[in-house]
Amino acid sequence: MSADTPLLKEAGSRADRAADRAELIRFENVTKRFGSNTVLDRLDFSVDAGKHVTLIGPSGSGKTTILRLLMTLTKPDEGTITVGGQRLFPASDKQCREVRKNIGMVFQQFNLFPNMKVLRNITEAPVTVLGLSKDEAEARARELLDMVGLADKCDSYPTQLSGGQQQRVAIARALAMRPQVLLLDEVTSALDPELVAGVLDLLRDIARTTDITMLCVTHEMNFARDISDQVLMFDSGQVIESGSPEKIFGEPEHERTREFLGAVL
Amino acid sequence: MNWDWNAVVDFLPHFRDGLIVTLQALALGSVVSFALGLVWALLVRTPTRWVSWPVGVFTEFVRNTPLLVQLFFLFYVLPEWGLTFSALTTGVFAIGLHYSTYTMQVYRAGIEAVPAGQWEAATALNLPLRRTWTVVILPQAVRRVVPALGNYVISMLKDTPILMVITVPEMLGEARLYAQETFRFTEPLTVIGVAFIVISYLASVLLRTLERRLVR
């Protein structure tokens, strides 16, 4: 596996610098409502640079909303969110864009651009946003495609790929922006069971070989146990318990955590 | 029924002139309606109400008044304000404007049909808004709307004879002129009727080919 390519080491080195400040992401007093439904209720939590954090909890408990807030796909009603000491909310659009540069996201439904070939899906943002030359961006994209095991699919359109392959392209696309933070939103939920392992193995490799901070919403508890440094258990818009995977999966303190794990494991 | 092939042959040079004008009006009218429709569709989506509201009212007005009235207005009223254009230019603009208020709806539906996930992926990659529109959203939206736009091209074709009333010498105008001079109606009207069918058919074949190439 070529997962420890220079490219990824370089991607990681950015996170290394950020590791000087231990705390990378901070939510303070964040409230998010959808109509009368309060999804996040004065939530406080922080994530240290380079950590792999898994958010677990029953559906509707606000896990995905946290990722969407960080990606600025939605805005909180109250509270502040900072990334690397810089405000993400409240902040001007310009500031938002600036902070957002450090964050990448992989979606449940892949969300590749169907009108572009695989290679262009990956090079589009590095060229337009980071200002890379087309050649540089393509070299980087080919390296990443090689890493995700799809070097031969450069000229395919997304719809010609299986779900697992599309998701691996989506991961490559996110990594091409060399984010400090990678948000993974139930990235295997839409996949056929036999395709899940390939994607999870890839993410394990990335977690092992880079220092990218990962925030991961997943129902794959074994995967969560494998890659996480920290597991946050959510319920009703609050973190009700957090700790190492050994603690959360081994000896959960909270009654709700025990119930939840009893139901999913 | 007295059908005279000589009258057909006699009419053909006039028919050719009319055909060229009809095709010109159709092609240019289509271009105007496609372009203006896209402009309207984007403007009504702007968050600024000072833009979206007047555009909404104007296009609603144009869509709900008859093309013939608009044609007369543009042809007879605009010159009073010092704006004089040739009959063909006025006709092309009138048809294009009128149909742009329909194509705008088509574009809107196409834009709304692009999944929210595409916008989200563009945000996650930090693509600028303009770039998101031009390389992600519009290419996907336009692809979806080609069949619907094509139907309006055929509608426009069937509306081109209206241009006769402002003296544009398209096919029906030529046929009527010929009929008035020779008192023969059957042959010229039959010839242009067949021509309309043939053009519609060719246009739909062309569109289906385009559709097959675009839809992926």
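Within segment A:103-130, count every residue that is within 12 Å of another protein chain (Cβ to nearest Cβ) and farther than 13 Å from A:ARG178 by Cβ. First the steps, then the outcome.
Step one: list which residues in segment A:103-130 are within 12 Å of another protein chain (Cβ to nearest Cβ), which gives A:103-117, A:120-130.
From what is left, the residues that are farther than 13 Å from A:ARG178 by Cβ are A:105-117, A:120-121, A:123-124, A:127-128.
The number of residues fulfilling the criteria is 19.
Among residues belonging to segment A:114-138 that are touching an Asp or Glu at 6+ places or on another chain (Cβ under 8 Å) and surrounded by fewer than 22 Cβ atoms within 10 Å (Cβ to Cβ), point out the one that is farthest from A:ILE81 (Cα to Cα). I'd like the intermediate steps shown before the answer.
First, pick out the residues of segment A:114-138 that are touching an Asp or Glu at 6+ places or on another chain (Cβ under 8 Å): A:116-119, A:123, A:126.
The next check asks that each one be surrounded by fewer than 22 Cβ atoms within 10 Å (Cβ to Cβ); those that pass are A:116-117, A:119.
Working: A:MET116: 34, A:LYS117: 35, A:LEU119: 34 Å.
If we take residues in segment A:114-138 being touching an Asp or Glu at 6+ places or on another chain (Cβ under 8 Å) and surrounded by fewer than 22 Cβ atoms within 10 Å (Cβ to Cβ), then A:LYS117 is farthest from A:ILE81 (Cα to Cα).
So, A:LEU145, is that one within 12 Å of another protein chain (Cβ to nearest Cβ), touching a residue at least 24 places away in the same chain (Cβ under 8 Å) and either farther than 21 Å from B:GLY117 by Cβ or over 21 Å from the mean Cα position of the chain (by Cα) (or both) or not? Lay out the reasoning, then the answer.
Working: within 12 Å of another protein chain (Cβ to nearest Cβ): no; touching a residue at least 24 places away in the same chain (Cβ under 8 Å): yes; either farther than 21 Å from B:GLY117 by Cβ or over 21 Å from the mean Cα position of the chain (by Cα) (or both): yes.
Here the answer is no, as A:LEU145 does not meet what is asked.
Do the conditions hold for A:ASN111, that is, is it surrounded by 18 or more Cβ atoms within 10 Å (Cβ to Cβ), farther than 16 Å from A:ARG68 by Cα and of a type outside the set (A, V, I, L, M, F, W, C)?
Working: surrounded by 18 or more Cβ atoms within 10 Å (Cβ to Cβ): yes; farther than 16 Å from A:ARG68 by Cα: no; of a type outside the set (A, V, I, L, M, F, W, C): yes.
No.
Given (1) surrounded by fewer than 17 Cβ atoms within 10 Å (Cβ to Cβ); (2) within 21 Å of the chain's Cα centre (by Cα); (3) not hydroxyl-bearing (Ser, Thr, Tyr); (4) not in a helix (DSSP H, G or I), where does A:ARG97 come up short, assuming only one miss?
Here A:ARG97 meets the rest and fails (4).
Of the residues that sit in segment B:113-126 and are among the hydrophobic types (A, V, I, L, M, F, W, C) and surrounded by fewer than 21 Cβ atoms within 10 Å (Cβ to Cβ), which one is farthest from the other protein chains (Cβ to nearest Cβ)? Talk me through it step by step, then tell me what you get.
To start, the set of residues in segment B:113-126 that are among the hydrophobic types (A, V, I, L, M, F, W, C) comprises B:113-114, B:116, B:119, B:121-122, B:124-125.
Then keep just the ones that are surrounded by fewer than 21 Cβ atoms within 10 Å (Cβ to Cβ); that gives B:113-114, B:116, B:119.
Numbers: B:ALA113: 12, B:VAL114: 10, B:ALA116: 9, B:TRP119: 9 Å.
Only one residue tops the list, namely B:ALA113.
Could you check segment B:117-129 and list, in sequence order, the residues that are modelled with pLDDT of 95 or more and either closer than 30 Å to B:THR22 by Cα or assigned to a helix (DSSP H, G or I) (or both)?
B:GLY117, B:GLN118, B:TRP119, B:GLU120, B:ALA121, B:ALA122, B:THR123, B:ALA124
Just a yes or no: is a residue in segment A:48-56 touching a helix residue (DSSP H, G or I) at 6+ places or on another chain (Cβ under 7 Å) and among the charged types (D, E, K, R)?
Quick first cut of segment A:48-56, residues touching a helix residue (DSSP H, G or I) at 6+ places or on another chain (Cβ under 7 Å) only: A:49-50, A:52, A:54-56.
Pick out the ones that are also among the charged types (D, E, K, R) and you get none.
Within segment A:48-56, none of the residues are touching a helix residue (DSSP H, G or I) at 6+ places or on another chain (Cβ under 7 Å) and among the charged types (D, E, K, R).
Restricting attention to segment A:162-186, which residues are of a type in the set (A, V, I, L, M, F, W, C) and either away from chain B (no Cβ under 13 Å) or closer than 13 Å to A:ASN121 by Cα (or both)? Give the derivation first.
Filtering segment A:162-186 down to residues of a type in the set (A, V, I, L, M, F, W, C) leaves A:169-172, A:174-177, A:181-184.
Scanning segment A:162-186 gives A:VAL169, A:ALA170, A:ILE171, A:ALA172, A:ALA174, A:LEU175, A:ALA176, A:MET177.
Which condition does A:LEU150 not pass, out of (1) within 14 Å of chain B (Cβ to nearest Cβ); (2) touching a helix residue (DSSP H, G or I) at 6+ places or on another chain (Cβ under 8 Å), if it passes all the others?
(1)
Per-residue answers, yes or no, for (1) in contact (Cβ under 8 Å) with a residue 24 or more places away in the chain; (2) under 18 Å from the mean Cα position of the chain (by Cα); (3) surrounded by fewer than 14 Cβ atoms within 10 Å (Cβ to Cβ); (4) part of a helix (DSSP H, G or I):
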| position | (1), (2), (3), (4) |
| --- | --- |
| B:LEU163 | yes, yes, no, yes |
| B:VAL168 | yes, yes, no, no |
| B:ALA175 | yes, no, no, yes |
| B:PRO188 | yes, no, no, yes |
| B:ILE192 | yes, no, no, yes |
| B:ILE199 | yes, yes, no, yes |
| B:ALA203 | yes, yes, no, yes |
| B:ARG212 | no, no, yes, yes |
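The values are calculated or read from the model by the stated rules, or taken from the named source; none is laboratory data. Just so it is clear, the structure is predicted and the values come from calculations on it, not from any experiment. All Cβ positions, even for glycine, are placed from backbone atoms using ideal geometry, and neighbour counts span all protein chains on display.
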